[in-house]
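Please treat every number below as a calculation from the coordinates, not as lab data. This is a predicted model, so every value here is computed, not measured. So basically every Cβ, Gly included, is an ideal-geometry build from the backbone, and we count neighbours across all protein chains shown.
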Amino acid sequence: MARRSKSRTPAPEPGEDFEERILDIDVVDEMQSSYLEYAYSVIYSRALPDARDGMKPVQRRILYQMHEMGLRPERAHVKCARVVGEVMGKLHPHGDSAIYDALVRMAQDFSMRLPLVDGHGNFGSLGNDDPPAAMRYTECRAAPAAGLMVDSIDEDTVDFGANYDGSEQEPVTLPAAYPNLLVNGSAGIAVGMATNMPPHNLTEVIAAARHLIKHPGADLETLMGFIPGPDLPTGGKIVGREGIQDAYRSGRGTFRIRATATVEQVTARRKGVVVTELPFAVGPEKVITKIKDLVNAKKLQGIADVKDLTDREHGLRLVIEIKNGFHPEAVLSQLYKLTPMEESFGINNVALVDGQPLTLGLKELLEVYVDHRFDVVRRRSEFRRSKRRDRLHLVEGLLVALVDIDEVIRIIRSSDNAADAKASLISRFELSEIQTQYILDTPLRRLTRFDRIELEDERDKLKADIEALTRILESDAELRKLVSSELSGIAKKYSTPRRTEILDANEAPVIAVPLEVADDPCRVMLSSTGLLARTASGSTEFAEPAKRAKHDVIVSAVPATTRGEIGAVTSGGRLLRISVVDLPQLPDSATAPNLAGGAQVSEFLTLEGGETLVCLTTLDESSPGLAIGTQQGVVKRVVPDYPTNRSDLEVITLKDGDRIVGGAELHTGEEDLVFITDNAHLLRYQASQVRPQGRPAGGMAGVKLADGAQVLFFGAIDPASEGAVFTAAGAEGTLDDSLSTAKLTPFDQYPRKGRATGGVRCQRFLKGEDRLRLAWAGSTPARAATKTGAPVELPEPDPRRDGSGLPLTKQVAAVAGPV
């Protein structure tokens, strides 16, 4: 079906009296004049703040309209959309998005040092990572600081002008009871110029303003003694004072802001950089994105993970986990250098002064504000004096009438009309027309004796107020004193501690630390409570401490290097590799170490159900090998053959139901191997009696077990060292940790026997005892601990190898010798 074209009505022909008028204008002149008008509009009406109140027009209009709507701090919140609509319809013709953006910023405590709007809802996040909710969802009301900005605006303190269509009146500036421009700062881009002013601390700014009020000729250095630098809402550290001094002197300067970060143990395995404060206007998402980009580009090394744990309760917390093998301090220096964790802030103090954009230094900014405040207080005093004089005039007239109230009533009653009564009263009492009209309008119930007393008190108070206001208006010293006093009151009520620390450039140097951890000698230790850690050095000389600490029973220790690997032997017959650099490092200590700063084995190894870690071993293939003993009496010397391409190796083939109960790395091959069984027998023989076998082999007979008996302990002891044997007995059927008696016996009391024999008795059972529950043999001094790692005192040594034990005061869970 063909589409029909719409007919168009031809344009009407011009009439006979039509006169064509064409202006010939140079396009260059037209563009220049039009652009200048646009530029002036942007500069004066949109982008730059007024130096007096520190407000851009849109901000001023928002606060004024909220004041007109009665949205005071004690009132309920209203929808932001309502405020935006009122501002746009009456005062600001530039669109709702500009108004709402300005309102949101005035509510953000991370953007303004003293927020002017009390927001309810999602008003965005630091760095705009999370944008604010739409204005139909959020609510607002004026913050207490906003009340200071509009205080006394109804007392003819500032000039008013017409709005965009002449239907409303709006203030040209706000009274501003505090120096808002310096306290909250400002940012805006105009045509050919821009402003960027950081926030400052309210108490410091007011202190400087008060000093300038008292000493108008104060120099810049004196004022900077009160204001050392910006105080940013997000805290952080300012590094260097030169840029701040330049800005305070000339109005322009640059300073560096550094994030507040500390190195902490963020997980059991890793240290990390914890960031609690970021540079002004930098959000955590921006930092995270930059770190990921640098890591992907291989320009930043040592980062394992980045987590944003920020919440409303604890505030900003950005955790940057550092890979093991890298110095966190060195990585932090790289983060400052390559990421927004250290940013520059360019100060450009451009503001409007008498409608002209000027670049102002610190003293000029304070002077403009102080002069504005003088003008506001002077106009307010004039207004208040005028109002009180008018009221005094009425009160005095009313008091004149009360003196002869009967005559007043007679005159009124005898008059034909109100005009006659008014004329008669004026003639009789010499009153003014205003006083007479007020008397006629006053109800008779106000003309009592009590009201006369009230009126006399009011008259006296009005005269005192007028006198005080006159002194302020006639004395510059009184005016300055009043302005200074009001500023002092505001500082006391709204003061907050400084958040931003200012450092000299030499106070915050970049730490010169190598990026990667050196491959230094160290020692890896395993505690009886299952904690792993490494020492800061390879030293094995530890003095016996005067007082023991928790987790100081070290059941296994091997030498290593920081960037090397060690083996962990499990009860299931496996050898698992552990990277030494992953282990937490203990601080250097001159006493015997404790592993309170260590991490649980489960952080580094994945063990099967019921499997436990038995001992640690080096992976040195030149050593005499590893000696292990099983619960069923099997002994094995493992040939040190550990392929580097496997992290899980088998060191023995176990029989069904068997498990490794102990192991030790041999250093000479001449050590004595020791078995202790639960039926209180100890077998000691030289390690040379055990032939080394490959890893898959099942071992050989180590000790002969009686029916129902099993191995409780296996270890290796250097015969040249002083050793001891600890045994603890209990009754069958009781809990594993329910020990009855125990004894400590010198190791040399037990003779060597042949391999696979039954050994000798090591403790005589008392009545009610039928099994050993705990046994140990090793070098002295021996240390004992409870299940939780708390120290336990051992009984005095008993020279009888088969003697009975002594009662225990505490339950012993583990015993070990020196590391």
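Here are some notes:
- The chain: calculated mean residue ellipticity at 222 nm from DSSP helix runs of at least 4, using -39500 (n - 2.57): -9000 deg cm²/dmol
- Pairwise FRET efficiency - MET700 versus GLU611, Cβ, R0 = 35 Å, nearest 0.05: 0.90
- Calculated on alpha-carbon atoms, Rg and Dmax of the stretch 346-390 in Å: 15.3, 53
- Ranked by how many other beta carbons lie within 10 Å on average, peptides 676-684, 528-536 from highest: 676-684, 528-536
- Taking the Cα atoms of the stretch 521-816, the ratio Rg/Rh between the radius of gyration and the Kirkwood radius comes to 0.94.
- Relative to the Cα centre, the charge distribution of the stretch 41-177, modelled as +1 at Lys and Arg Cβ and -1 at Asp and Glu Cβ, gives a dipole magnitude of about 320 debye.
- If R0 is 22 Å, the Cβ-Cβ spacing of LYS767 and LEU806 corresponds to a FRET efficiency of close to 0.90.
- Residue-span extension gain [ARG471 to SER602] - 0.36 nm each, minus C-alpha spacing: 39.1 nm
- Whole-number D in µm²/s for the stretch 86-227 (Stokes-Einstein; Kirkwood sum over Cα pairs; 25 °C, 0.890 mPa s): 141
- Spacing of the two label points (7 Å from each Cα toward its C-beta) at LEU399 and ARG312, in nm: 5.8
- The peptide list 774-782, 698-706, 218-226, put in order of mean Cβ contacts within 10 Å with the highest first, becomes 774-782, 698-706, 218-226.
- Positive-end residue of ILE320, LEU338, ILE288, charge dipole of the stretch 260-340 with Cβ unit charges: LEU338
- Placing a label point 7 Å from the Cα of ILE434 along the Cα-to-Cβ direction, the residues of the stretch 367-407 with a backbone N closer than 11 Å are 386-395.
- Among beta bridges from DSSP that stay inside the chain, the antiparallel ones total about 90%.
- The calculated FRET efficiency for ARG252 paired with SER647, based on their beta-carbon distance and R0 = 51 Å, is about 0.25.
- Over the chain, the reciprocal of the mean inverse Cα-Cα separation, the Kirkwood hydrodynamic radius, stands at 35.4 Å.
- Distance in nm between pseudo-label sites at GLU382 and ASP293 (7 Å out along the Cβ direction from Cα): 5.7
- Neighbourhood charge, 13 Å Cβ-Cβ cut-off, centred on PHE255 and excluding it, Lys, Arg +1 and Asp, Glu -1: -2
- Placing +1 on each Lys and Arg Cβ and -1 on each Asp and Glu Cβ, with no other charges, gives the chain a dipole about its Cα centre of roughly 3080 debye.
- Highest-first packing order for the peptide set 249-262, 641-654 is 249-262, 641-654, based on the mean count of other beta carbon atoms within 10 Å.
- Residue among PHE123, THR612, THR276 farthest towards the positive dipole end of the chain, charges placed on Cβ: THR612
- Contour minus Cα-Cα distance for ARG452 and ARG136 (0.36 nm per residue): 108.3 nm
- The residue among ALA706, VAL172, GLY778 whose Cα reaches farthest toward the positive pole of the charge dipole of the chain, with charges on the beta-carbon of Lys, Arg, Asp and Glu, is ALA706.
- The stretch 366-494: equivalent-ellipsoid semi-axes (sqrt of 5 x gyration tensor eigenvalues, Cα, Å): 42, 15, 11
- Label zone (ARG459, point 7 Å along Cα-to-C-beta; backbone nitrogen cut-off 16 Å) within the stretch 356-394: 389-394.
- Computed over neighbours whose Cβ is under 12 Å from that of GLY243, the net charge equals +2, Lys and Arg +1, Asp and Glu -1.
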